[in-house]
Amino acid sequence: MSVIVALPQQRAAVSAPAFVRQLARLGDLDLPSTAPALSERLGQWLDWNRAIALSRALDGTPAGSRDAIPVDAEGTACARVRATLTAAILRRDKLDGLSGDDVAPFHRHCLDLQRSMQAATGQLRGRLRDALAKGTADQARLAEVDAVMEMTLSPREQTLLATTPTLLGQQFDRLKQANADAADDTWLATFRRDLQDVLLAELDVRFHPIDALLAALRSSPVSGTP
């Protein structure tokens, strides 16, 4: 018997990050055609303590310095970490060893990779801020602003990322049920790809601030290698 693959209904194309589109597809959810302005969202998310801290970071006048910044070394470190995390997500041996009997092992696999991404990207982000703090006054200010923004947005980001294993579990159940009468478990290959695709999209999200900080670091008029 041919394998049946459950596909979400066709929807109008919307402009949204790949990770959000992936989650919407897994959850069979509609995305709004327009999103609130960033300033409006920040106004809702910033409490007065964070607002004061952000204002101080924006209005402050960091001394800055003319020290050589190891831009090449930082860029190499970022590329190495991203390649390592990507390879971990795409590893076939662990995924191929998980059967379609139970979603729990896939759930644990997803959580393990998410923890690895969070730890590695968090260290990189702090490392880049430390490097920026040694740069020009504008770069030092950006480092302070990024620190405040990370403290402000991280709780909401983690809430969104925590939905990934749940939505993957729902996709697992849909595919398994739709192919209950199939002669084989080819549907499981579809689910494995879904898991990899959504984690790769999550990795992109986690690297957005890192890429921005690295770009700011590369704009330094003074750079060097260690």
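The values are calculated or read from the model by the stated rules, or taken from the named source; none is laboratory data. Just so it is clear, the structure is predicted and the values come from calculations on it, not from any experiment. Positions of Cβ are backbone-derived with ideal geometry, glycine not excepted, and every protein chain shown enters the neighbour counts. All accessible areas refer to the heavy atoms of the entire protein, side chains included, with ligands and DNA or RNA removed. Shrake-Rupley method; radii C 1.70, N 1.55, O 1.52, S 1.80 Å.
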Exercise for the section: Please state which one of GLN114, GLN139, GLN118, GLN123 is of a type in the set (S, T, N, Q), at pLDDT below 90 and assigned to a helix (DSSP H, G or I). Expected result: GLN139
Practice task
Go through the stretch 77-108 and give me each residue that's under 16 Å from VAL198 (Cα atoms), of a type in the set (D, E, K, R) and part of a helix (DSSP H, G or I).
Solution key: ARG82, ARG92, ARG108
Handout entry: Verdict on GLN158 being closer than 25 Å to ALA79 by Cα, at pLDDT 90 or above and open to solvent by 40 Å² or more (accessible area, probe 1.4 Å)
Key = no
Practice task
Please state which of the following conditions ALA143 fails to meet, knowing it meets all the rest: (1) over 16 Å from ALA212 (Cα atoms); (2) more than 19 Å from the chain's Cα centre (by Cα).
Solution key: (1)
Problem - Sole exception among (1) touching a strand residue (DSSP E or B) at 6+ places or on another chain (Cβ under 6 Å); (2) part of a helix (DSSP H, G or I) for GLU150, by number - result: (1)
